[in-house]
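Down below is the structure, laid out as structure tokens.
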Amino acid sequence: MKTMKNSSKKSICDFRSQSKNRKIRQVPKSKKVVERRSTSSRCQIKRKQESKDIENEADQPTKIRPCSKAHCPAKRPICFARASERCCKNGYTSRWYHLSAGEHYCNECFEYFYRSHKGGHETWQTWKTSWASYGYTDVDFYTFMCDQQLPYWVRCQHSSCGKWRQLSRQLEPLTTNKIKNFVCGKHKTHSLSNGCIQKQPCIAPQDERISDVLKDEWLTLLRNPSYLQDSPAVPYTVDYYPDGVGLTASVDTKILRNGLQSQSNDDVDLIQPFSDPDEPAISGAVRPDDMDQDEMTIFPDFALDQQIYLGVRNLILAMWKLNCRVRIMGNG
């Protein structure tokens, strides 16, 4: 019996000692301390790295995106539309849409008109319906932006200035009197922040984009032609598709004809600058919807896409018919 009791006591003692050793092995205190220190050090390193990233972002210049059109000189384009509240102006956008070397609109303004849930979608849909009704060319969003959103450029009439300034077309319509009497700083959209420039607005430098128009490659970079609006050539070209003679197809030209035909001068009604393809040819008259062979030889750059040339040529001939006694073109 004594041997049994002693053996049982030994087994109990051995079991207790083994269990104590197991507990110590499972949860060593030193390991807990090391884990806490390593966790805190990782957090400190992460915070330091985040602070460094913030400092690096502050030191970096503003993110910009150049125009993706090949050979376009615009390294930092400017959005001419300014339609959306989120317009990037001359900042960063996910995509720039190219119209010419100096005319671009941002992706935010594109979505403002194109997306059905945006505020400008109704404007795009109304224009699209009108163009499909009166024109023969395909309805295109680039054409919509050219026809409805491109700003006006007006030249200062001051004798010592003569610089071109950009005006917004959303505020009020541009009239002949405004063009004749425009001087820098007079129009409310021509805002100048510098106090000295506000007193003498003509000393403000001209927009750099004007110089792009004078370069030979400007026409090759042109994405879409611009169509003339309220042209005096409307009464004489009403039997043609308006976009085929360089005029906008967003309005019914038959309505415009009634208002513009009253400007005709009775003394020069015998002048017929435009010929009708269904009638015998008239000496000295031209077709308003096509360039003749001599014109294509002299102006080969416009032979492929003739809308710009036809619009300007028909405008000059119509003004000459309305009053042949007034000089139309200025020197230079």
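The values are calculated or read from the model by the stated rules, or taken from the named source; none is laboratory data. Owing to the predicted nature of the structure, the values given are computational and were not obtained by experimental measurement. Virtual Cβ from ideal backbone geometry, glycine too; neighbours counted across all protein chains shown. Heavy atoms of the whole protein, side chains included, go into the accessibility calculation; ligands, DNA and RNA do not. Shrake-Rupley method; radii C 1.70, N 1.55, O 1.52, S 1.80 Å.
Please list, in chain and number order, the residues 5+ apart from SER100 or on another chain whose amide H is under 5 Å from its amide H, with Hs placed from the backbone.
For SER100, the qualifying residues are ARG223.
For LEU214, what accessible surface area do you get with a 1.4 Å probe? Give it in Å², rounded to 10.
My reading of the accessible area for LEU214 is about 150 Å².
Return one whole number: the accessible area per residue of the range 73-125 in Å², for a 1.4 Å probe.
That works out to 50 Å² per residue.
Using θ = phi - 60° and the Karplus form 6.51 cos²θ - 1.76 cosθ + 1.60, what ³J(HN,Hα) does each residue of the range 102-119 get, whole Hz, x for Gly and Pro?
x, 10, 9, 9, 8, 5, 5, 6, 4, 5, 4, 8, 7, 7, 5, 8, 9, x
Need one number: nm distance between label points at ARG115 and VAL213, each 7 Å from Cα along Cα→Cβ, rounded to one decimal.
Going from the ARG115 label point to the VAL213 one covers 3.3 nm.
Between GLU85 and ASP301, what length comes free when the chain is fully extended (0.36 nm per residue of separation minus the Cα-Cα distance, one decimal in nm)?
Between GLU85 and ASP301, full extension yields an extra 73.9 nm.
Using a ≥ b ≥ c from the Cα gyration tensor of the range 53-157 (square roots of the eigenvalues), is it rounded, prolate or oblate, where a/c under 1.5 gives rounded and otherwise the larger of a/b and b/c decides, a/b for prolate?
Cα axes put the range 53-157 in the prolate bin.
Can you list residues from other chains, or at least 5 along the same chain, whose modelled amide H is less than 5 Å from the amide H of ILE78?
Sorted by chain and number, the residues that satisfy this are HIS104.
Please calculate the 1.4 Å probe accessible area of HIS117, with all protein chains present, and give it to the nearest 10 Å².
Probe radius 1.4 Å; accessible area of HIS117 about 140 Å².
Using amide H atoms built 1.01 Å from N in the peptide plane, name the residues 5+ places from PHE274, or on other chains, whose amide H lies under 5 Å from its own.
Close amide H contacts, sequence-distant or interchain: VAL286.
Leaving out ligands, DNA and RNA but keeping every protein chain, what accessible area does LYS69 have, in Å² rounded to the nearest 10, with a 1.4 Å probe?
LYS69 has an accessible surface of roughly 90 Å² with all protein chains in place.
So how far, in whole Å, is the C-alpha centre of the range 138-160 from the one of the range 85-109?
Cα centroid of the range 138-160 versus Cα centroid of the range 85-109: 15 Å apart.
Whole-Hz ³J(HN,Hα) for each residue in the range 66-83, computed from phi via Karplus 6.51 cos²θ - 1.76 cosθ + 1.60 with θ = phi - 60°, x for glycine and proline: what do you get?
Once θ is set to phi - 60°, the couplings for the range 66-83 become x, 5, 7, 5, 4, 6, 6, x, 6, 7, 9, x, 10, 6, 7, 6, 6, 8 Hz.
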